[in-house]
Amino acid sequence: MPIAPPFLAVWLLQLAVLQGAARSEAVCGQKGSSTRIVGGQPASDGEWPWQVSILYSSKHVCGGSLIAEQWVLTAAHCMTKLDYEVKVGAYQLQIPGQEQKIFSINQIIPHGDYNPHSEVSHGDIALVELSSSVTFASNILPICLPDSFVYFPDGKKCWVTGWGKTQPNENLADPQTLQELEVPIISRDCCNALFSINPEEDLDPNPVEEDMFCAGYEEGGKDACQGDSGGPLVCQCDEGSWVLAGVVSWGEGCAVPNRPGVYASVPYYADWISQNIPSMTFAACTNAGGEVETCTNAGDGVPGRNGRIPKTFTLLLLLGYLAFALL
């Protein structure tokens, strides 16, 4: 067999690496073409290819997001038992598709701050390692993860998806078609102001903590609900790709006025995800455009960001402080 010259072999190797990198970068966050969640509408088949169903005793209990070939991100409160399975490539839960596949689980990594006995828990996020790698297809693709400095402005329209209830006491009708709903981001300050209107006695003041944000409508009527927990809230970057902004976490009822849905912030937990999956890459998603106030009861407070302060900004503050101390 002829042997390629050394320079040609190196060039071919570099080309293969570059092509592989290009494929991996192009794969995540690529939404399919489109044509309950309360007040939502049926999604198109393959439109949200990262959506997974978490099963217990072969029944759907929660949603989740495929973030890599062998990893899913979901809510910690969804993963309180041992014998879960993960279904990928699903669209209508009662009609198995050709590419639909069910995986057992190698390990569950809930965040260390999660407290299952707390009504509103910090750290409601978990990583799930599948028993084997997923084979990507047109309706099975990972969602991109935003870096820790990424934030999503108040009023930005994003999408939540799932197979949860369509009303507080109404299950999604057969064949259980995946539902989608567009919702605007609501800042922490604004959301806490809404929760202070006729507050529940057992709910602490300012229940939306620093690792959370809200999305929904002040007037209610549209929201995630039971069965959507752990599922994705995704936003589109200006570059065109989609990123996982939040994980469906908790709420007071479903689609109740002044009670928007609360989500665990993925940018807030980007460093934790990286510690557990060192090979994971993150997107420096930009979200240009003016902010739109989504809630009229926030008072004069400054809207809070739902991610962390950019690391570069923190470094500038530190350098400024040191310079001032040396004067």
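Within a Cβ distance under 11 Å of I95, other residues only, what is the Lys/Arg minus Asp/Glu net charge? Counting the neighbours of I95, the net charge comes to -2. About the centre of its Cα atoms, the stretch 82-182 shows a dipole size close to 240 debye [charges on the beta carbon of Lys, Arg (+1) and Asp, Glu (-1) only; nearest 20 debye]. Which entries of K59/K157; K101/K157; K101/K165; K31/K81; K59/K165 show an alpha-carbon separation above 20 angstrom in the structure shown? Pairs exceeding 20 Å: K59/K157; K101/K157; K101/K165; K31/K81.
Read-outs: derived from the displayed coordinates by stated rules, not from any lab. Please read these numbers as outputs of a predicted model, since none were measured by experiment. Backbone-built Cβ (ideal geometry, glycine too); neighbour counts: all protein chains shown.
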